[in-house]
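Shown next, in structure tokens, is the structure this report addresses.
The values are calculated or read from the model by the stated rules, or taken from the named source; none is laboratory data. Remember, predicted model here, so these are calculated numbers, not experimental data. FYI the Cβ positions are ideal-geometry reconstructions off the backbone, even for glycines, and counts take in every protein chain you see. Only protein heavy atoms, including side chains, enter the accessible area calculation; ligands, DNA and RNA are left aside. Shrake-Rupley method; radii C 1.70, N 1.55, O 1.52, S 1.80 Å.
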Amino acid sequence: MKQAGPDLICLSHLRWNFVFQRPNHLMSRFAREKRVYFVEEPVFDDAPPRLETKHIEANLTIVVPHLTTGTDQEASLAHQRRLIGSLVREQDIRQPILWFYTPMSLPIAADVEPSVIVYDCMDELSAFRGAPPALRERERELFSRADLVFTGGQSLYEAKRAQHPSVHAFPSSVDAAHFGRAREGIEDPEDQRGVARPRLGFFGVIDERMDLDLIARLAEERPDFQIVMLGPVVKIDPATLPRRPNIHWLGQKSYKDLPAYLAGWDVAIMPFALNESTRFISPTKTLEYLAAGKPVVSTAIRDVVTPYGERKAVHIADATTFAAAVDAALAEPKAARLAIADEMVSATSWDKTWRSMSKLINDALQTKRSAAIRTEGNVPCSTI
């Protein structure tokens with residue numbers, strides 16, 4: 001396959017097979033034209049340190065460091081740094097694009113000589129439960145080294161733009177064709193088939209960002225509503241999930257199966273808590289729900305209120321008004337709703353986002369090359 005520019009090494013706190021989201025969409029597209037190495041956080045076992053590589057596509061390789069159980073943090077970073085160095089040598093990777101999703105990966109890439117450094121700041125990780133104490137300091141260091149900073153939403157852009165001279169907002173996008181399949185009447189998945197109507201549905205990571213009290217209240221207020229919750233439960237005790245006859249926790253589903261679940265919902269919901277961990281989020285599912293043609297009800301997440309709530313594409317509610325907002329969503333004229341949804345969905349795509357990012361990277365590469373040429377041209381003759 002034709003290679004366009006340098007290889008790309010992506011260092012991520014998210015595993016490739018966790019939830020198919022922003023890193024997956026972007027790295028799959030970069031792999032259309034260059035070799036991409038997606039480096040996950042380490043796993044621990046009883047064997048000596050080593051790298052596990054999995055070829056997902058012709059140009060896309062998942063890289064998993066394996067470390068010995070009991071390895072302390074300092075030794076863990078040293079082993080990962082050595083393993084990444086061996087990967088670079090063995091794969092003949094020269095001056096790659098270094099792409100960070102977490103500043104905590106900075107030390108393990110210290111020996112890599114990059115052509116460009118990109119920080120794709122998709123979330124305010126320091127606000128998440130269990131965030132490492134050193135994360136803020138590492139982020140300051142990454143800002144000082146990065147050539148480009150991308151943010152996962154407008155509010156995050158506003159929080160970061162003063163910290164670096166080249167910060168660019170790239171809110172979550174959508175694969176409209178994939179989620180548009182939900183409008184075509186796909187057969188209901190087996191584990192959803194017996195759920196009565198009306199169905200309210202959510203898919204995504206279920207963690208400290210969920211307003212579990214809101215979900216419980218909604219289920220109690222409206223026993224006629226059937227609430228379908230899809231996604232992995234992480235960082236919270238599953239025992240804290242509200243259990244009611246009309247709440248259906250169906251677990252994690254594959255990306256390819258999400259349109260089939262969406263097709264069977266009457267309203268798509270985003271019952272996020274309003275706390276530090278949700279202050280800067282820009283939920284990818286907003287556009288995915290709209291592409292599926294579903295009415296949407298959300299709590300007042302800033303990047304949902306603007307622009308989706310203001311454009312009447314999403315109903316905004318709190319715990320006291322959520323049930324009424326669902327009723328309003330069910331009653332709204334379908335044609336008018338779809339017209340607004342289609343207008344918003346058509347304004348973006350993951351392909352468009354990828355192309356815009358690629359242009360900024362290529363511009364940064366050209367600028368650095370031009371600067372290097374000028375510097376070489378100014379070397380005094382006595383030093384040549």
Determine the pairs where a residue that is free of Cβ contacts under 8 Å to residues at least 60 places away in the same chain, located within the range 168-188, has a partner that is assigned to a helix (DSSP H, G or I) and open to solvent by less than 40 Å² (accessible area, probe 1.4 Å) with Cβ atoms under 9 Å apart, the partner being 6 or more residues away or on another chain.
-> 169/156; 177/291
Among the residues of the range 55-65, is there at least one that is at pLDDT below 95, in contact with a helix residue (DSSP H, G or I) (Cβ under 9 Å, 6 or more places away or on another chain), of a type outside the set (Val, Ile, Thr) and within 18 Å of residue 255 (Cβ to Cβ)?
-> yes
Considering residues that are open to solvent by 40 Å² or more (accessible area, probe 1.4 Å) and at negative phi, the number found within the range 50-70 is 11
What is the one condition in (1) in contact (Cβ under 8 Å) with a residue 24 or more places away in the chain; (2) assigned to a helix (DSSP H, G or I) that residue 242 does not satisfy?
-> (2)
Is it fair to say residue 314 is surrounded by 18 or more Cβ atoms within 10 Å (Cβ to Cβ) and at pLDDT 95 or above?
-> yes
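Take residue 359 and tell me if it is more than 23 Å from residue 275 (Cβ to Cβ), of a type in the set (Lys, Arg) and part of a helix (DSSP H, G or I).
Details: more than 23 Å from residue 275 (Cβ to Cβ): yes; of a type in the set (Lys, Arg): yes; part of a helix (DSSP H, G or I): yes.
When the stated conditions are applied, residue 359 passes them.
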Of those in the range 116-164 that are over 29 Å from residue 74 (Cβ atoms) and of a type in the set (Gly, Ala, Ser), the residue most open to solvent (accessible area, probe 1.4 Å) is 162
Select from the range 272-298 the residues that are closer than 22 Å to residue 126 by Cα and either in a loop (DSSP other than H, G, I, E, B) or in contact with a Ser or Thr (Cβ under 8 Å, 6 or more places away or on another chain) (or both) and list them in ascending order.
-> 272, 273, 274, 275, 279, 280, 281, 282, 283, 284
Residue 375 fails exactly one of (1) closer than 30 Å to residue 8 by Cβ; (2) buried (at least 18 other Cβ atoms within 10 Å of the Cβ); (3) without any contact (Cβ under 8 Å) to a residue 60 or more places away in the chain, namely (2)
Are there any pairs with C-beta distances below 8 angstrom linking a residue in the range 34-55 that is farther than 20 Å from residue 92 by Cβ and of a type outside the set (Asp, Glu) to a residue that is open to solvent by 40 Å² or more (accessible area, probe 1.4 Å) and in a strand (DSSP E or B), with the two at least 6 apart or on different chains, and if so which?
-> 44/68; 47/68; 48/68; 49/68
With criteria (1) surrounded by fewer than 17 Cβ atoms within 10 Å (Cβ to Cβ); (2) charged (D, E, K, R); (3) farther than 20 Å from residue 358 by Cβ, residue 32 comes up short on (3)
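One line per residue, one yes/no per condition, for (1) assigned to a loop (DSSP other than H, G, I, E, B); (2) within 20 Å of the chain's Cα centre (by Cα); (3) over 21 Å from residue 209 (Cβ atoms):
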position	(1), (2), (3)
304	no, yes, no
318	yes, no, no
324	no, no, yes
329	no, no, yes
335	no, no, yes
340	no, no, yes
343	no, no, yes
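Do you know which of the residues in the range 38-49 that are open to solvent by 70 Å² or more (accessible area, probe 1.4 Å) and outside any strand (DSSP E or B) is nearest to residue 120 (Cα to Cα)? Walk me through it before giving the result.
Filtering the range 38-49 down to residues open to solvent by 70 Å² or more (accessible area, probe 1.4 Å) leaves 41, 44, 46, 48.
Subsequent filtering for residues that are outside any strand (DSSP E or B) retains 41, 46, 48.
Values: 41: 17, 46: 33, 48: 32 Å.
If we take residues in the range 38-49 being open to solvent by 70 Å² or more (accessible area, probe 1.4 Å) and outside any strand (DSSP E or B), then 41 is nearest to residue 120 (Cα to Cα).
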